[in-house]
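K.L.:
My questions will all concern the structure given below.
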Amino acid sequence: MPDNLDYKALGFALSLFQFIYMVILSVWLWNDNKHKATKQSIEDLADQLKAKIKNQDDRLIRVESDLEHLPDHEDMTTIHTRINESAQSLNAMRGELKQINNTMQLMHTYLLNGGKP
């Protein structure tokens with residue numbers, strides 16, 4: 001080894017190289033962790049969106065299933081016709097009951113008057 005080697009200068013150069021290396025490594029690690037946190041946030045949001053979409057999909061399937069059991073136009077026409085027939089029958093019964101009531105009133109009046117009209 002040469003005798004005129006300056007150990008102080010070599011130590012300074014090594015310390016300077018180590019300092020620069022540590023600064024570069026720190027910046028690289030900071031940048032990498034920043035992107036890692038961003039990637040994790042994006043993955044978390046993606047998982048949340050998948051869960052919400054699955055929930056909406058389940059709700060849509062339930063609604064579609066319920067809609068399949070609702071009456072269509074033809075069924076509604078049949079129901080309407082049956083309701084109209086029931087209403088007509090009810091009106092006919094109302095008329096008959098009115099006549100029965102009138103007859104009962106006449107019978108009641110006749111009996112109250114002792115058989116005299």
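Only the coordinates and a few stated rules stand behind these numbers; no lab work does. Everything numeric here is computed off the predicted structure, so don't read it as measured data. Reconstructed Cβ throughout: ideal geometry from the backbone, glycine too, with neighbour counts over all protein chains shown.
K.L.:
What tally of residues in the stretch 70-81 results from selecting those that are surrounded by 10 or more Cβ atoms within 10 Å (Cβ to Cβ) and not β-branched (Val, Ile, Thr)?
P.N.:
4
K.L.:
Give LEU97, LEU67, LEU111 a once-over and let me know the one that is part of a helix (DSSP H, G or I), over 43 Å from the mean Cα position of the chain (by Cα) and exposed (fewer than 10 other Cβ atoms within 10 Å of the Cβ).
P.N.:
LEU111
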